[in-house]
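Everything below concerns the one structure shown next.
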Amino acid sequence: MQNETLKINPKYGPWAMIIGASEGIGRSFAEQLAAARINLILVARRQDALDQAAAEIRARHAIEVDVHVADMAALGLEGQLDRIIGGRDIGLLIYNAGAVHGANSFLDDPLDKALGLVKLNCISPLTLIHRLGRSMRARGGGGVILMSSLSALAGSPYVATYAATKSFDLILGEGLWGEMSADNIDVLCLIAGATMTPSMERSGMRFSPPGTPPGPGTFIPMASGDVAREGLENLGRHPVWVAGEGNRQAAEGIRQAPRDAAIQGMGSAAAGLYGKPWPMVGQSSR
């Protein structure tokens, strides 16, 4: 039953750190872990949103909640970790940091935008997993959920850098699943498709209204709570999990398609989601 409280492996407590926790999927992770009596360290970029999330969670659940403002797209995270961790015994890291990346031609965006995505989706998760993974190894176990995207499965016009960095997360998660299981640390790369979150709405993504029949050009998002629940349910069971049956079918189709067809299909999907022209202006037929 979706409303039942999840049973969380004790090795994932007594504290969980959630990066990107103030809204959307991260907030849903926080609510579900709080219901299972796991104390929370919530990290995001906006103090007001963090404070509101923490206050609402404390009001509903008898747990401790600590909040910290940090920007995962900026350098210098390593120097902040002592302050954020605060000596707590962290058994679970969820890296869910996101940004309003939108969709545009790589050459038409400033280079700093692409470099920011590399920091956000590559450098910061490496930094956190390395630091907390060593602590989990010393304490005898733990867990890591690393959020990725269907965009990780093939290069995609309009979101080329985003897709590349999410592919990094996917391959990193698979490799660490193989390595860290020897230390009783479960690693899961959780792949989300279109999800109804405030960040996705701000990015300009165009979703189909609820009740729209499935079909070409239809983008019906998952609820963030469903994505989070599938992640927690499958941590320790798989190296990679695609949230949502429809997304799992789409992922299998992408994997089976020839690479040129997969790239064209991903570009078409990105164009549809963000209201961009497809084929791209000036693109020749192949």
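The values are calculated or read from the model by the stated rules, or taken from the named source; none is laboratory data. Because the structure is predicted, anything quoted here is derived from the model rather than measured. Virtual Cβ from ideal backbone geometry, glycine too; neighbours counted across all protein chains shown. Just so you know, the surface numbers come from the protein's heavy atoms only, side chains and all, with ligands and any DNA or RNA stripped out. Shrake-Rupley method; radii C 1.70, N 1.55, O 1.52, S 1.80 Å.
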Meets criteria (touching a residue at least 40 places away in the same chain (Cβ under 8 Å) and surrounded by fewer than 16 Cβ atoms within 10 Å (Cβ to Cβ)) for residue 105:
yes
Residues being touching a Phe, Trp or Tyr at 6+ places or on another chain (Cβ under 9 Å), in a helix (DSSP H, G or I) and open to solvent by 40 Å² or more (accessible area, probe 1.4 Å): count how many of those fall in the stretch 227-247.
1
In the stretch 248-264, which residues are open to solvent by less than 40 Å² (accessible area, probe 1.4 Å) and more than 22 Å from residue 227 (Cβ to Cβ)?
257, 262
I need the full set of residues from the stretch 266-281 which are open to solvent by 30 Å² or more (accessible area, probe 1.4 Å) and closer than 17 Å to residue 153 by Cα, in order please.
268, 269
Would you confirm, using the coordinates I've provided, whether residue 162 is in contact (Cβ under 8 Å) with a residue 60 or more places away in the chain, in a loop (DSSP other than H, G, I, E, B) and crowded, with 19+ Cβ neighbours inside 10 Å?
no
For the stretch 11-27 the number of residues that are in contact with a helix residue (DSSP H, G or I) (Cβ under 6 Å, 6 or more places away or on another chain), of a type in the set (Gly, Ala, Ser) and buried (at least 24 other Cβ atoms within 10 Å of the Cβ) is 4
Do any residues in the stretch 74-96 that are more than 20 Å from residue 185 (Cβ to Cβ) have Cβ atoms under 6 Å from those of residues that are part of a loop (DSSP other than H, G, I, E, B) and open to solvent by less than 20 Å² (accessible area, probe 1.4 Å), where the two are at least six apart or on different chains, and which pairs are they?
80/70
Matching residues in the stretch 118-158 - criterion: being closer than 23 Å to residue 251 by Cα, within 16 Å of the chain's Cα centre (by Cα) and buried (at least 22 other Cβ atoms within 10 Å of the Cβ)
121, 144, 145, 146, 147, 148, 149, 150, 151, 152, 153
May I ask you to list pairs of residues, at least six apart or on different chains, whose Cβ atoms are under 6 Å apart, with the first in the stretch 229-242 being in contact (Cβ under 8 Å) with a residue 24 or more places away in the chain and farther than 18 Å from residue 175 by Cβ and the second being open to solvent by less than 20 Å² (accessible area, probe 1.4 Å) and assigned to a loop (DSSP other than H, G, I, E, B)?
230/243
So which strands (runs of 3 or more DSSP E) are wholly in the stretch 33-127 and hold at least 2 residues that are under 22 Å from residue 138 (Cα atoms)?
39-44, 90-95
For the stretch 21-46, give me each residue that is of a type outside the set (Gly, Ala, Ser) and within 13 Å of residue 95 (Cα to Cα).
25, 27, 29, 41, 42, 43
